[in-house]
Amino acid sequence: MSLKSVIIPVLIIGVGVFLSLDQFRSHRQWLFEKAPSFISRYVLEEKTQVRDTKKKGVILTQDELAKYDGNNGKVLYLAILGKIYDVSKGGKHYGPGGGYHFFAGKDGTKAFVTGAFNKDGLTDDVSDLSPADMLGIKEWQDFYEKDYKYVGKLIGRFYDTNGEPTQELKDARKAIKEGKRLKKLDADDKQLYPSCNSEWKSGEGGRVWCSDLSGGIKRDWAGVPRKYFKPGSTSYRCACIRNTGAPGENSKSQDHKNRGDLDNPNFREYEDCEAESISCRLPTK
């Protein structure tokens, strides 16, 4: 006779006694009240653990990732900012002979924005990139997150052996956040001072001009073209500025000279172009 054949009948008898005798009534009531919430919480926790495990994915070393370059099979992985993606469905691009095969089997984060696809350029060292460059990398990562399957994390510069973020990844995220801030400032600036329309013809030179839709900004004024130098900068862009009414930064003001932004020192006239002209010729280079 096995131990199992003895224990099961005893348990059945015990449950029967528990359910039938009056002295266990209060215990039964407590159990029946608590059991549903306990069971539902247990099931939810189990499901959450499964979801979290799937989200975390695998953790690979650089040598392990290198095996997924398509040279020894059809599976293709690449990493960007330490996150690994399966790009096998894009095999004609990422596989051997493809235009982006150099990304397969490694983390070549920096090359996504520098375009340096040689050995030195295909690196995950992004310490010298600008916030704008880091934002560009984040946009590339978002692309892979959307179009390809997430696999896991790469041990090294951005994640430790437990898959936890390193200080370098935290620094990269700060740079990305700063890139987003600067991008918004630039968008707000172009909303305030829209870019000019422009054209260039060989032998004739170029032309810049303003309209009520130049720069893709629909408005009720056209403005005049000016060289826009931001404070501390030696470079400029062509901007359309108000030449009547209040200055752009204080457009609701009633106390103004009706000259818009014409007196703003950050804006300079184009050579040989009348101050109130909506179109200016650029010299032939």
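The values are calculated or read from the model by the stated rules, or taken from the named source; none is laboratory data. Because the structure is predicted, anything quoted here is derived from the model rather than measured. Here Cβ is always computed from backbone atoms with ideal geometry, including for glycine, and neighbour counts include all displayed protein chains. Each accessible area value is taken on the protein alone, full model and side chains, heavy atoms only, with ligands, DNA and RNA left out. Shrake-Rupley method; radii C 1.70, N 1.55, O 1.52, S 1.80 Å.
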Can you tell me which residues in segment 211-227 are farther than 15 Å from GLY245 by Cβ and either part of a loop (DSSP other than H, G, I, E, B) or open to solvent by 50 Å² or more (accessible area, probe 1.4 Å) (or both)? SER211, LEU213, GLY216, ILE217, LYS218
Going by the conditions given, is LYS119 modelled with pLDDT under 95 and either of a type outside the set (Phe, Trp, Tyr) or open to solvent by 30 Å² or more (accessible area, probe 1.4 Å) (or both)? yes
Just to check your reading of the model, which residue among PRO231, PRO283 is at pLDDT below 95 and within 30 Å of SER130 (Cβ to Cβ)? PRO231
Mind listing just one residue for me: the one in segment 228-249 that is farther than 16 Å from CYS273 by Cα and among the hydrophobic types (A, V, I, L, M, F, W, C) and, of those, least open to solvent (accessible area, probe 1.4 Å)? ALA246
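Would you tally the residues in segment 127-143 being assigned to a loop (DSSP other than H, G, I, E, B) and either surrounded by fewer than 13 Cβ atoms within 10 Å (Cβ to Cβ) or within 15 Å of the chain's Cα centre (by Cα) (or both)?
Result for segment 127-143: 3.
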Of all residues in segment 195-220, which are among the β-branched types (Val, Ile, Thr) and under 12 Å from LEU282 (Cβ atoms)? VAL208
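Would it be correct to say that ARG268 is open to solvent by 70 Å² or more (accessible area, probe 1.4 Å), modelled with pLDDT of 95 or more and more than 32 Å from the chain's Cα centre (by Cα)? Break it down into steps so the answer makes sense when it comes.
On the way: open to solvent by 70 Å² or more (accessible area, probe 1.4 Å): yes; modelled with pLDDT of 95 or more: yes; more than 32 Å from the chain's Cα centre (by Cα): yes.
Criteria met by ARG268.
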Could you please tell me which pairs satisfy a Cβ distance under 6 Å, a separation of 6+ or placement on different chains, a first residue in segment 196-211 that is among the β-branched types (Val, Ile, Thr), and a second residue that is assigned to a loop (DSSP other than H, G, I, E, B)? VAL208/CYS196
So HIS256 passes all but one of these: (1) free of Cβ contacts under 8 Å to residues at least 24 places away in the same chain; (2) out of contact with any helix residue (DSSP H, G or I) (no Cβ under 9 Å at 6 or more places or on another chain); (3) open to solvent by 60 Å² or more (accessible area, probe 1.4 Å). Which condition number does it fail? (2)
Check whether at least one residue in segment 157-164 is touching a strand residue (DSSP E or B) at 6+ places or on another chain (Cβ under 7 Å), of a type in the set (S, T, N, Q) and in a helix (DSSP H, G or I), and report yes or no. no
Return the residue satisfying two criteria in turn: it lies in segment 74-109 and is part of a loop (DSSP other than H, G, I, E, B) and open to solvent by 40 Å² or more (accessible area, probe 1.4 Å), and of such residues it is modelled with the lowest pLDDT. LYS74
Kindly indicate whether LYS146 is modelled with pLDDT under 95 and open to solvent by 40 Å² or more (accessible area, probe 1.4 Å). no
Being open to solvent by less than 90 Å² (accessible area, probe 1.4 Å), hydroxyl-bearing (Ser, Thr, Tyr) and farther than 26 Å from ILE59 by Cα: is that true of TYR193 here? yes
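Would you confirm, using the coordinates I've provided, whether CYS273 is in contact (Cβ under 8 Å) with a residue 60 or more places away in the chain and open to solvent by less than 70 Å² (accessible area, probe 1.4 Å)? Give the derivation first.
Values: in contact (Cβ under 8 Å) with a residue 60 or more places away in the chain: no; open to solvent by less than 70 Å² (accessible area, probe 1.4 Å): yes.
Criteria not met by CYS273.
Name the single residue that is nearest to the chain's Cα centre (by Cα) among those in segment 172-187 being open to solvent by less than 80 Å² (accessible area, probe 1.4 Å) and in contact (Cβ under 8 Å) with a residue 40 or more places away in the chain.
ILE176
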